[in-house]
Amino acid sequence: MADGTVAVDQLRLFIERVERLEEEKKGIADDIKDVYAEAKAHGFDIKALRTIVRLRKQDSDERKEQEAILETYMHALGMLA
C-alpha cells in the first residue's frame, strides 16, 4: 500500500511542477509579447525583429548555409537581379 501512495505522491508532484512551469512559460510569453508591442509602438517592424531573433539563435555556419540556399532559390526564380 505504501508503494502506491508514494507513486501517487510522486505523480502529483510531477504534475504540480509542470503546472508551475507552464504558468512561468505563459508569463514569459506575455512579457515577450509586451516587448514586441513596445518595439512596434516605437516604429520597428515586428516581423523583421522576430526574424533577427530567430537568426541570432542559429549557429553562424548554419545561418550562412540557409542564406546561400535562399539566395540560390531566389536567383533561380528570377527574384534577384
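Of note:
- Hey, residue 9 open to solvent by 90 Å² or more (accessible area, probe 1.4 Å) and assigned to a helix (DSSP H, G or I) or not: no
- Among the numbered conditions (1) part of a helix (DSSP H, G or I); (2) loosely packed, with under 10 Cβ neighbours inside 10 Å, the only one that residue 81 does not meet is (1).
- Single residue of the range 49-78 satisfying the filter (of a type in the set (S, T, N, Q) and under 17 Å from the mean Cα position of the chain (by Cα)) that is least open to solvent (accessible area, probe 1.4 Å): 58
- Filter result for the condition that a residue is of a type in the set (A, V, I, L, M), free of Cβ contacts under 8 Å to residues at least 12 places away in the same chain, in contact with a Lys or Arg (Cβ under 6 Å, 6 or more places away or on another chain) and surrounded by 10 or more Cβ atoms within 10 Å (Cβ to Cβ), over 32, 46: 46
- Breaking point among (1) open to solvent by 100 Å² or more (accessible area, probe 1.4 Å); (2) in contact with a Lys or Arg (Cβ under 8 Å, 6 or more places away or on another chain), for residue 23: (2)
The values are calculated or read from the model by the stated rules, or taken from the named source; none is laboratory data. Note that the coordinates shown come from a computational prediction; the quantities given were computed from them, not determined experimentally. In this analysis, Cβ positions are derived from the backbone assuming ideal geometry, glycine residues included, and neighbour counts consider all displayed protein chains. With ligands, DNA and RNA removed, areas are computed over all heavy atoms of the protein, side chains included. Shrake-Rupley method; radii C 1.70, N 1.55, O 1.52, S 1.80 Å.
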